[in-house]
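Colleague: Sharing a structure here in structure tokens format.
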Amino acid sequence: MRVNIQSIEYHLPETVISNEDLGRENTGWDMEILEKRTGVSKRHIVRPEETALDLAFHASEKFFRKHNIAKEEIDGLIFCTESTDHILPPNSCILHNKLGLSEDVLAFDFTLACSGYVYGLALAQGLIFSKSARRVLLVNADTYSKFINSHDRSTRVLFGDGAAVSLLTASDSAQGIVDIKCSTSGKDYDKFIIPAGGCRLPKSSDTSVPMQDKSGNIRTKENIHMDGLGILTFVNSKVPQQVTQILSRNGLSVNDIDLFIFHQASNMALDSIERILKIQPEKMFRNLKNLGNLVSASIPIALKDAMDQGRIQSGYKVVLSGFGVGLSWATAIVEF
């Protein structure tokens, strides 16, 4: 038995912010260079009153409208987000109520970012293998725009908001998840962090004071702090190595894979991975130009777009790989 990604739907906010918009707001930013480095020309951003839970609800409703799946058939709900509506209860329980799911459905959140989709696949696979659930909705939704200082060039250009919903089911065919490998480097936790707002350092008048770094980026302790160079170094050293390891233990090479879908972090990150692994450019799927970095929703949205564009055919072997906050990274081989 394998666990199959049966179907995916996603939802994006209506508001679109282009690089031209950012350039008018921040006249000192060289948007041409920033677009070349990031690969992002526009991104969808939530309204002030809109949350990741709202995006997830719209994605879920779209899923049930478009697919022949009754809500009564769902018995597992996993919600991956770092943008919860409340400190407690978890988003999964609120979404469970909004969707009108049965009380027999298990529901929980987990807080990973850009590796969260592949980690979620591992969690869903474990639930299905252990017979704790049969049909699991994996929800990935984040609104990083709420954590970004509007004058932080390093993050403002990069991230968008969005939500994806995937249905994971058991499969007796060859289709499904072939293997998953998950890794963690906790010693590097501070390379991507929001220092204030949790129990360790609650929000206060001091944590809301803007600070400027040596590159001219402005942020408070309540905003995302990203060590861009440190993250890129981590990606280059860890991600290709993990991909090589999981391929090797399954008797595969890069040439045996029909499509690679990495977390859509930035052009710089994807270019580096492509070069190190010697992946043919036509086998690297990219959709970040009009979406930006969508955190844990990045991979499922890219996977859905690849399917819709006919880039994935029956029998194709696809590598999914995410990396980021934690620091954490995870790779899966999936046969479609």
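The values are calculated or read from the model by the stated rules, or taken from the named source; none is laboratory data. Bear in mind the structure is a predicted one, so any value in this text is a computation, not a measurement. Every residue, glycine among them, receives a Cβ derived from its backbone with ideal geometry; neighbour counts consider all protein chains shown.
Colleague: So, in the stretch 307-336, how many residues would count as being out of contact with any strand residue (DSSP E or B) (no Cβ under 8 Å at 6 or more places or on another chain) and not polar (S, T, N, Q)?
Modeller: Residues meeting the conditions: 2.
Colleague: Which of the residues that make up the stretch 35-58 are part of a helix (DSSP H, G or I) and over 17 Å from ARG286 (Cα atoms)?
Modeller: Within the stretch 35-58, ALA52, LEU53, ASP54, LEU55, ALA56, PHE57, HIS58 meet the criteria.
Colleague: Further question: Has the stretch 277-300 got at least one residue that is within 17 Å of TYR117 (Cα to Cα), without any contact (Cβ under 8 Å) to a residue 24 or more places away in the chain and not in a strand (DSSP E or B)?
Modeller: yes
Colleague: On the given criteria, is ASN290 at pLDDT below 95, within 25 Å of SER83 (Cβ to Cβ) and not aliphatic (A, V, I, L, M)?
Modeller: Values: at pLDDT below 95: no; within 25 Å of SER83 (Cβ to Cβ): yes; not aliphatic (A, V, I, L, M): yes.
So ASN290 fails the test.
Colleague: Also, quick follow-up: State which residue is farthest from SER41 (Cα to Cα) when the search covers only the stretch 245-276 and only residues that are among the hydroxyl-bearing types (Ser, Thr, Tyr) and without any contact (Cβ under 8 Å) to a residue 12 or more places away in the chain.
Modeller: Among them, the one singled out is SER248.
For every residue, the table says whether it meets (1) surrounded by 16 or more Cβ atoms within 10 Å (Cβ to Cβ); (2) at pLDDT below 95; (3) within 22 Å of LYS146 (Cβ to Cβ); (4) under 19 Å from the mean Cα position of the chain (by Cα).
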residue: GLY39; (1), (2), (3), (4): yes, no, no, yes
residue: PRO48; (1), (2), (3), (4): no, no, yes, no
residue: ILE74; (1), (2), (3), (4): yes, no, no, no
residue: GLU82; (1), (2), (3), (4): yes, no, yes, yes
residue: SER92; (1), (2), (3), (4): yes, no, yes, yes
residue: ASP109; (1), (2), (3), (4): yes, no, yes, yes
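Colleague: Among GLY100, GLY76, which is under 21 Å from ARG134 (Cα atoms) and touching a residue at least 60 places away in the same chain (Cβ under 8 Å)?
Modeller: Values: GLY100 fails: touching a residue at least 60 places away in the same chain (Cβ under 8 Å).
Every option except GLY76 fails the conditions.
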